[in-house]
1. Are any of the residues in the range 70-84 assigned to a loop (DSSP other than H, G, I, E, B), aliphatic (A, V, I, L, M) and either at pLDDT below 95 or within 15 Å of the ligand (Cβ to nearest atom) (or both)?
2. Give the range 111-127 a look and list any residue that's open to solvent by 10 Å² or more (accessible area, probe 1.4 Å) and more than 14 Å from the ligand (Cβ to nearest atom), or say none.
3. Scan the range 11-36 for residues that are within 25 Å of the chain's Cα centre (by Cα) and not in a helix (DSSP H, G or I) and jot them down.
4. When you scan the range 164-282 for helices (runs of 4 or more DSSP H) that lie fully inside it, which ones turn up with 3 or more residues that are closer than 30 Å to residue 154 by Cα, open to solvent by 10 Å² or more (accessible area, probe 1.4 Å) and within 16 Å of the ligand (Cβ to nearest atom)?
5. Determine which single condition residue 150 fails, assuming it passes every other condition in (1) modelled with pLDDT of 95 or more; (2) more than 17 Å from residue 120 (Cα to Cα).
6. If you scan the range 225-254, which residues turn out to be among the β-branched types (Val, Ile, Thr) and more than 16 Å from residue 307 (Cα to Cα)?
7. Return the residues of the range 94-110 that are of a type outside the set (Ser, Thr, Tyr), more than 11 Å from the ligand (Cβ to nearest atom) and within 17 Å of the chain's Cα centre (by Cα); say none if nothing qualifies.
8. Take residue 249 and decide whether it is farther than 30 Å from residue 190 by Cα and out of contact with any helix residue (DSSP H, G or I) (no Cβ under 8 Å at 6 or more places or on another chain).
Amino acid sequence: MTTTKGIRLLTREAKEAREERDLAPCAMRSRRSRGRRHAEEPDPLRTGFEKDRDRIVHSTAFRRMEYKTQVFVNHEGDYYRTRLTHTLEVVQVARSAASALGLNEPLVEAIALAHDLGHPPFGHKGEETLDALMREHGGFRHNRQVLRIVDLLEKRHPAYDGLNLDYEVRESLLKGERKTAPEAAEFEPFPQFLLEEQVVDAADEIAYTNHDVDDGLKAGIFAEEELDALAIWRRARARVEAPGISGRLRAKRTVRALIGILINDLIEHSAGRIAEAGFDSPEAARRAPSPTIGHSPEIRAELAPLRAFLHRNFYHHYRVNRMMAKAREMLERLFRAYVGNPGTLPPEFQAWTEREGLHRGVCDYVAGMTDRFAADEYRRLFDPLERA
Ligand code: MG
């Protein structure tokens with residue numbers, strides 16, 4: 001602790017000492033990070049993972065999530081989740097779980113804030129479309145694209161590309177691609193991720209399950225009575241039943257009860273597993289035969305039918321399918337137009353395709369677009385009466 005003009009500052013060193021003292025033995029400590037690709041002076045006040053978190057929030061890709069699809073295409077309505085609000089919900093759930101479990105909260109926050117940065121416009125349909133267009137050129141996966149964004153596409157330093165994030169954040173962002181992607185070769189292979197990554201992964205599922213129920217109800221895609229068939233919904237509803245409660249309010253309160261049930265179950269079950277395994281280091285948790293963070297068997301058994309319900313009734317609803325068909329059409333035509341005539345790309349991306357190859361460069365450009373920009377660009381390129 002140092003004192004400046006009578007104000008006690010919690011310095012980086014004091015925070016690092018606090019991490020050593022207070023975090024669980026299996027938590028990652030910022031002082032033990034494997035560091036950054038380009039060496040830099042440590043910050044006097046912030047830990048390394050706090051710096052990572054701040055850089056992600058100030059990145060261009062982060063701001064663009066405001067206009068990117070979660071399930072509903074961005075212009076369909078102002079009430080529904082976007083990538084950005086989804087991300088903030090994941091951060092909230094992940095921090096709640098991490099702080100309760102004694103894990104590294106700034107690391108969890110950094111991973112959660114960045115976990116969806118690699119999504120192209122129009123969500124999973126956008127990803128599928130770009131992957132098909134890139135089939136002969138290395139494919140496209142959002143969990144690999146996020147690494148291109150934080151390592152290459154963001155510019156903040158004259159001497160190197162990217163945000164220069166810590167090893168642990170970068171590795172965690174690869175997620176499921178870690179076992180197969182060529183860029184995974186630089187990371188030491190372990191059977192499991194850091195517990196901080198596992199928390200974000202579980203928080204992602206809790207957040208989207210819960211908010212997709214909420215958005216689906218609000219959009220009238222399905223009705224509350226349909227959810228009544230599901231045990232987990234009845235479990236949540238039982239907590240909010242009150243005399244005279246109206247249907248819409250009960251549904252809203254049930255959605256909130258549901259997220260509470262899922263977060264508490266995740267924390268309690270994971271705490272039990274950590275205690276049982278007795279991990280004495282982050283590496284010990286990484287060598288475990290299976291992931292440690294997760295739901296209890298009872299909740300897992302009740303969650304699966306809800307996920308199946310959403311797949312059947314929401315993600316493949318005809319209104320969602322229509323939005324997605326339009327999205328695929330737009331991305332395909334844009335991609336082919338740029339590849340066929342790279343002179344239509346902005347000059348900095350013409351230079352980028354020379355450096356990265358035509359298809360990969362175009363893919364980076366298209367993947368970085370927001371839904372709104374892609375739709376405007378589609379009009380600019382294909383509507384003869386629109387200004388170019
Ligand atoms: Mg997500």
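The values are calculated or read from the model by the stated rules, or taken from the named source; none is laboratory data. What you see is a predicted model; the values in this text were computed from it and never measured. With ideal geometry, Cβ positions are generated from the backbone for all residues, glycine too; neighbour counts draw on all protein chains shown. What goes into the accessible areas is simple: the full protein's heavy atoms, side chains included, and nothing from ligands, DNA or RNA. Shrake-Rupley method; radii C 1.70, N 1.55, O 1.52, S 1.80 Å.
1. At the first step, the residues of the range 70-84 found to be assigned to a loop (DSSP other than H, G, I, E, B) are 70-73, 77-81.
After this cut, where a residue has to be aliphatic (A, V, I, L, M) as well, the list is 71, 73.
Right, trim to either at pLDDT below 95 or within 15 Å of the ligand (Cβ to nearest atom) (or both) and you get 71, 73.
Taking every residue of the range 70-84 in turn, at least one turns out to be assigned to a loop (DSSP other than H, G, I, E, B), aliphatic (A, V, I, L, M) and either at pLDDT below 95 or within 15 Å of the ligand (Cβ to nearest atom) (or both).
2. 125, the sole residue that qualifies.
3. 23, 24, 26, 27, 28, 29, 33, 34, 35, 36, listed by residue number.
4. Ranges flagged: 195-218.
5. Of everything listed in (1) modelled with pLDDT of 95 or more; (2) more than 17 Å from residue 120 (Cα to Cα), residue 150 misses just condition (2).
6. 240, 245, 254
7. Of everything in the range 94-110, those that are of a type outside the set (Ser, Thr, Tyr), more than 11 Å from the ligand (Cβ to nearest atom) and within 17 Å of the chain's Cα centre (by Cα) turn out to be 95, 97, 98, 105, 106, 107, 108, 109, 110.
8. For residue 249, the condition - farther than 30 Å from residue 190 by Cα and out of contact with any helix residue (DSSP H, G or I) (no Cβ under 8 Å at 6 or more places or on another chain) - is met.
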